[in-house]
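Here is the structure we will look at, set down as structure tokens.
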Amino acid sequence: MTDDHAARPAGTFAALHHRDRPLLLPNAWDHASAALLHAHGFPAVGTTSLGVAAAAGLPDGVRATREETLRLAGTLGALPFLLSVDAEDGFSDDPGEVGAFAAELRARGAAGINLEDGLGPVGRHVAKIRAVRAAAPGLFVNARTDTYWLGDGEGTRERAVAYRDAGADGVFVPGLTDAGVITALVRDLEGCPLNVLYASGGPSLARLGDLGVRRVSLGSLPYRQALGAALDTVVAVREGREAGEGTVPSYREVQELAG
């Protein structure tokens, strides 16, 4: 991969986080899902660690998919969209190893990395962020804190500000839906883009934009919806009902995605 290709996406991807409307980032798990999303107008696509892990028959969140993540980044990084890679916690406690992994992603064409703290020590995540910034200049670092995903929200502001100060380009707080907390966190981050996870029953994309959120991720939702649609189709045929409702790309359309 050329140096030009490796350097191309970074500034453009960062700019998508500083517009009047939030960046809606859908998450793919393979070549076809990513290519389909791009074909329908999404300039940037993320990966979902759950989808990547489940598709390979591996558990998510236990550092089992380092090589699968790299392989997928190599496949998707060559496609004409901006790629953000969900890298769990960087697959290591060692900041140097996380930085080296980020550099490999960058070389494969990734524009961003999503790095979660798992509610581990703040200092360790700060060190990882700094290591990534040093090893992969230009890679958009989206620092995730799991204060709402794994906890009750305690410590969110402190972690978010520490990660921003360590050099994170954005902060991701999945599970956060409270409008008041979102507004306060946007203010506390002072221009560092806040990313939240879309939640059914939570604020709409437009409402999140009004609150100051600059990136809205879909996480594993598209992958889980796809599994549900596959199951619904098979069960409908088994029960003698009509199958194929909703959006169903044709055989030819899917073939063309590989082109």
Of the numbered conditions (1) modelled with pLDDT of 95 or more; (2) open to solvent by 30 Å² or more (accessible area, probe 1.4 Å); (3) at positive phi, TRP149 satisfies every one except a single condition; which is it? (3)
If I filter the stretch 34-46 for residues that are more than 18 Å from PRO222 (Cβ to Cβ) and open to solvent by less than 20 Å² (accessible area, probe 1.4 Å), do I get at least one hit? no
Considering residues of the stretch 237-259 that are surrounded by 10 or more Cβ atoms within 10 Å (Cβ to Cβ) and farther than 30 Å from HIS38 by Cα only, the residue nearest to the chain's Cα centre (by Cα): VAL237
Give the residue that is farthest from the chain's Cα centre (by Cα), with candidates limited to residues of the stretch 169-184 that are within 21 Å of GLY123 (Cβ to Cβ) and open to solvent by 10 Å² or more (accessible area, probe 1.4 Å). ASP169
Residues of the stretch 91-114 being in a helix (DSSP H, G or I), in contact with a strand residue (DSSP E or B) (Cβ under 9 Å, 6 or more places away or on another chain) and among the hydrophobic types (A, V, I, L, M, F, W, C), which ones? VAL98, PHE101, ALA102, LEU105
Given the criteria open to solvent by less than 50 Å² (accessible area, probe 1.4 Å) and part of a helix (DSSP H, G or I), does GLU88 qualify? no
Please name all residue pairs, on different chains or six or more residues apart, with Cβ atoms under 9 Å, provided the first residue is in the stretch 1-22 and is in a loop (DSSP other than H, G, I, E, B) and the second residue is at pLDDT 60 or above and aromatic (Phe, Trp, Tyr). HIS17/PHE140
Can you name every residue in the stretch 116-138 that is open to solvent by less than 30 Å² (accessible area, probe 1.4 Å) and closer than 11 Å to GLY99 by Cα? LYS128, ILE129, ALA131, VAL132, ALA136
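The values are calculated or read from the model by the stated rules, or taken from the named source; none is laboratory data. Model, not experiment: these values are computed from the prediction. Reconstructed Cβ throughout: ideal geometry from the backbone, glycine too, with neighbour counts over all protein chains shown. The protein model used for the area step is the full one, side chains on, heavy atoms only, and it has no ligands, DNA or RNA in it. Shrake-Rupley method; radii C 1.70, N 1.55, O 1.52, S 1.80 Å.
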